[in-house]
Amino acid sequence: MSTPSLPPERIVYQEHVPGARYASLILRRGFALRLTDVDGTANAAVLLYNPHNLLERYNAPDTLKGQHTARLTAGHMLYSDMGRVMLSITADSLDWHDPIGGISDADAVRGTYGQARYQERLNDFHRSGRELFLIELAKWGLGRADLLPNVNFFSKVQADEAGNLRYRPGHSHAGACVDLRAEMDTLIILQTAPHPMAPGPDYAPGAVDLTVYRAEPVAAEDPCLVSHPENARAYANTAAYHSQE
């Protein structure tokens, strides 16, 4: 599925996030975020929280169970742990993003890519996904206790016939995009370390471009709403939440 071009007048913010770096933003209800894999080598790991109540956050088990899936693509919604919709995936040029692979830690990075400390490599030193998430979470008063299962955009992990999880190298391509529409105000924490299952030996994580734009109103027959019965129920819960504002 291709992603539609964005009229310049709808774009309100853009940011370039290099590989092995981090970013965060509050995506307001009624706006959408386009993630773009700049050169085809990116892994955009994302965590989601309600900025008005940080105890509410993305719930991976409910998201996957409610939509009978082990991958994420256009037509899927990302649920919170309070039964509401945080983001909807409205467009996707890859048809597969990984919700189960998790993040790397320092030991995994060292084992895959070798030791590369700041003292020797300066800004090219190796960073793990866990480290990058914790740095960005701290800016919002969050920490280790707030780490939770994340989404790895632009990466693909499949189960083989024996049930073993396999990472698929070369899944993405330069210019690949995915659009995320906010159904409620959502704090997005993003980092671009390599996927924890990506093979070595070269540590060369790719960059991601962020584009925030004004979303179109949600139609009654919106593909995300009608794709699964649980999506409509979760969206109704979200509408009830906003009716109390």
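Return the whole-Å distance between the Cα centroid of segment 12-33 and the Cα centroid of segment 64-127.
A separation of 15 Å, based on Cα centres.
Report the rotationally averaged projected area of the chain based on its alpha-carbon convex hull, in square nanometres.
The number I arrive at for the chain is 13.7 nm².
Report the label-to-label distance for R168 and R121 in nanometres (one decimal), using points 7 Å from each Cα along the Cα→Cβ vector.
Inter-label distance under the simple model: 2.8 nm.
With Cβ to Cβ distances under 13 Å as the rule, what net charge do the other residues near Q158 carry (K, R +1; D, E -1)?
Every neighbour counted, the sum reads 0.
Please list the equivalent ellipsoid semi-axes of segment 23-142, computed as the square roots of five times the alpha-carbon gyration tensor eigenvalues, in descending order and whole angstrom.
The equivalent ellipsoid of segment 23-142 has semi-axes of 28, 18, 15 Å.
Enumerate the calculated ³J(HN,Hα) couplings along segment 102-112 in order (Karplus 6.51 cos²θ - 1.76 cosθ + 1.60, θ = phi - 60°), each rounded to whole Hz, writing x wherever the residue is Gly or Pro.
With the stated coefficients, segment 102-112 comes to x, 10, 8, 10, 4, 5, 5, 5, 5, x, 8 Hz.
So what is the accessible area of the chain per residue, in Å², with the probe set to 1.4 Å?
On the way: 11290 Å² over 245 residues.
So the chain comes to 46 Å² accessible per residue, rounded to a whole number.
In whole percent, and with a 1.4 Å probe on the protein chains, what portion of the accessible area of the chain is carbon and sulfur?
Here carbon and sulfur together make up 51 percent of the probe-accessible area.
Can you check what the net charge comes to around H16, using other residues whose Cβ is under 15 Å from the Cβ of H16 (Lys, Arg +1; Asp, Glu -1)?
Around H16, the surrounding residues sum to -2.
For the chain, with a Gaussian network of springs between Cα atoms less than 10 Å apart, report the residue from P229, P196, P61 with the top mean-square fluctuation.
Maximum fluctuation in the GNM of the chain, among the listed residues, is at P229.
Give me the number: length gained by fully extending E15 to L148, i.e. 0.36 nm times residue separation minus the C-alpha to C-alpha distance, one decimal in nm.
45.4 nm
Among T112, V85, L137, pick out the residue whose Cα is farthest towards the positive end of the charge dipole of segment 55-179, where Lys and Arg carry +1 and Asp and Glu carry -1 on C-beta, about the Cα centre.
The residue sitting most towards the positive pole is T112.
For segment 82-189, what does the alpha-carbon gyration tensor say about shape, rounded, prolate or oblate, given a ≥ b ≥ c as the root eigenvalues, a/c under 1.5 as rounded, and a/b over b/c as prolate?
oblate
The values are calculated or read from the model by the stated rules, or taken from the named source; none is laboratory data. Here the structure is a predicted model, which means the values were calculated and not measured. As a convention, Cβ positions derive from the backbone with ideal geometry for all residues, glycine included, and neighbour counts pool all protein chains shown. Side chains included, ligands, DNA and RNA excluded: accessible areas come from the protein's heavy atoms. Shrake-Rupley method; radii C 1.70, N 1.55, O 1.52, S 1.80 Å.
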